[in-house]
Amino acid sequence: MKNMGFRWYGSNDDAIKLKDIRQIPGTTQVVGALFDVPVGEVWPKEKIAALKHEVEAAGLKLEVIESVNIHDDIKIGLPSRDQYIENYKETIRNLAEYGIKVICYNFMPVFDWLRTNLHYQLSDESKVMAFQSSKLVNDPDKMIEKVKKDSQGFVMPGWEPERLAEVKRLFTAYSGVDASKLTENLKYFLDAIIPVCAECDVRMAMHPDDPPRPLFGLPRIYKNREDMLAIEQLHESKYNGFTICTGSLGENPANDVPAIIREFVAKDRAPFIHARNIKFMGNEGDFHESAHLSSEGSLDMYEIMKALYDTGFDGYIRPDHGRDIWGEEGRPGYGLYDRALGITYLNGLWEAIEKENN
Ligand code: DNO
């Protein structure tokens, strides 16, 4: 696939080197971010330029950012949001200047994605991240302690220290924010930034809530097709788009992921795909990450790739998570090996589908 990418945490914080990524066959894009700019601040041009040059010097491209995170004041709808939105617009303009085409973001209150175990051991002794509702610790503070301990000193995306430090305060701040209020605040944000995106040709790609259901009493607004239809209508523009994360949506067995792809790619509303597989466990809603192959997980990756092919998808795609294998001990869920195997598999499916159709 022409825009196959690999998420990378930067030379200071990723054990994986750009050279390693370059050696994964069929990989052209790095999906990156500036991890040292606090949420809400403008991304400085010099830092964007440095990242861009570093990636290009390694023979790769940087056209997708994951993520430019949204300050909680925007999600809560505080008066201070206007300044943060101005900053966001400036970040969009700065990124556009360096050829960025897609910005992935999410609109989840307080927490980004959540797992209850970052090292769940499978029978082949590989390790994966897992979510089991029975293992949810109801006190968010305790949950955070657990994630910190499990992530072995790595900062997990969305779990940045400055954010975790103020979780108690955030919970209080969100107390009046239900799903409809959160949606209203998303609209306020989109109405302000999408015209800038259109002007700069940068597409916003909202990431689904992961897992796709309310947690700790906090609302979730991108869980399924109905939510996508509602979000799409908040601001009619192809610049108001989605990241279709097959895993996040697929975590709810009621979501028909290939059908969602067919609908939203055909409408040109899905510029970015996270192609990962997951395996359902005993209780409904429980799952663990798996190798990308259909035979290893619960999602039909052939149908997913075929849906992309049939709708003429030419956006950006990356593998995700998989297992920690072959003794690799890095940031949980972001190993080199299984994501590389995932890319090879996805590209193989694509080649077969392409040949079948020609
Ligand atoms: C987890 C990731 C998320 C994602 C953000 C997008 O592995 O998929 O952290 O990057 O939700 O803003």
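The values are calculated or read from the model by the stated rules, or taken from the named source; none is laboratory data. It should be emphasised that the depicted structure is a prediction, and the values quoted were computed from it without experimental measurement. Here the Cβ positions follow ideal geometry from the backbone for every residue, glycine too, while neighbour counts run over all protein chains shown. All accessible areas refer to the heavy atoms of the entire protein, side chains included, with ligands and DNA or RNA removed. Shrake-Rupley method; radii C 1.70, N 1.55, O 1.52, S 1.80 Å.
Tell me, please, whether a residue that is more than 22 Å from the chain's Cα centre (by Cα) and either open to solvent by 50 Å² or more (accessible area, probe 1.4 Å) or not acidic (D, E) (or both) can be found in region 327-334. Write out each step before concluding.
Taking region 327-334 as the starting set, the residues that turn out to be more than 22 Å from the chain's Cα centre (by Cα) are 327-328.
Filter again for either open to solvent by 50 Å² or more (accessible area, probe 1.4 Å) or not acidic (D, E) (or both), leaving 327.
Scanning region 327-334 turns up at least one residue that is more than 22 Å from the chain's Cα centre (by Cα) and either open to solvent by 50 Å² or more (accessible area, probe 1.4 Å) or not acidic (D, E) (or both).
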With region 234-326 as the region, which strands (runs of 3 or more DSSP E) entirely inside it contain at least 1 residues that are closer than 19 Å to D209 by Cβ and aliphatic (A, V, I, L, M)?
-> 240-245, 272-275, 278-280
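Considering only region 272-284, state which residues are at pLDDT 95 or above and open to solvent by 10 Å² or more (accessible area, probe 1.4 Å). Let's see the steps before the verdict.
So in region 272-284, the residues at pLDDT 95 or above come out as 272-281.
Scanning region 272-284 gives K279, F280, M281.
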Inside region 192-219, can you point out the residues that are at pLDDT below 95 and of a type in the set (K, R)?
-> R213
Check whether at least one residue in region 208-223 is in contact with a Gly (Cβ under 6 Å, 6 or more places away or on another chain) and crowded, with 16+ Cβ neighbours inside 10 Å, and report yes or no.
-> no
Go through region 333-344 and give me each residue that's more than 19 Å from R22 (Cβ to Cβ) and away from the ligand (no atom under 16 Å from the Cβ).
-> none
Considering every residue within region 40-58, establish whether at least one is closer than 21 Å to D191 by Cβ, touching a helix residue (DSSP H, G or I) at 6+ places or on another chain (Cβ under 8 Å) and within 16 Å of the ligand (Cβ to nearest atom).
-> yes
Conditions (1) open to solvent by 30 Å² or more (accessible area, probe 1.4 Å); (2) over 17 Å from the mean Cα position of the chain (by Cα) -> N252 fails only (2)
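Are any residues in region 266-279 away from the ligand (no atom under 16 Å from the Cβ) and among the polar types (S, T, N, Q), and if so, which ones?
Narrowing region 266-279 to residues away from the ligand (no atom under 16 Å from the Cβ): 266-269, 279.
Once the filter is applied, which keeps residues that are away from the ligand (no atom under 16 Å from the Cβ) and among the polar types (S, T, N, Q), region 266-279 yields nothing.
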In region 141-191, which residues are open to solvent by 60 Å² or more (accessible area, probe 1.4 Å), outside any loop (DSSP other than H, G, I, E, B) and modelled with pLDDT under 95?
-> K142, E145, K146, K148, K149, P161, E162, A165, K168, R169, T172
Among the residues listed as S80, S123, S133, S67, the single one being touching a Phe, Trp or Tyr at 6+ places or on another chain (Cβ under 7 Å) and either aromatic (F, W, Y) or open to solvent by 10 Å² or more (accessible area, probe 1.4 Å) (or both) | S67
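So, V110, is that one more than 16 Å from the ligand (Cβ to nearest atom) and open to solvent by less than 40 Å² (accessible area, probe 1.4 Å) or not?
Numbers: more than 16 Å from the ligand (Cβ to nearest atom): no; open to solvent by less than 40 Å² (accessible area, probe 1.4 Å): yes.
Here the answer is no, as V110 does not meet what is asked.
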If A266 passes every condition in (1) of a type in the set (G, A, S); (2) open to solvent by 20 Å² or more (accessible area, probe 1.4 Å); (3) under 14 Å from the mean Cα position of the chain (by Cα) but one, which one does it miss?
-> (3)
Output for Cβ contacts, cut-off 7 Å, separation at least six or different chains, first residue free of Cβ contacts under 8 Å to residues at least 40 places away in the same chain in region 108-121, second part of a loop (DSSP other than H, G, I, E, B) and more than 9 Å from the ligand (Cβ to nearest atom), reads T116/Q132; T116/L136
Does region 321-341 include one or more residues that are touching a Phe, Trp or Tyr at 6+ places or on another chain (Cβ under 7 Å) and free of Cβ contacts under 8 Å to residues at least 12 places away in the same chain?
-> yes
Within region 280-295, can one find any residue that is on the phi > 0 side of the Ramachandran plot and within 14 Å of the ligand (Cβ to nearest atom)?
-> no
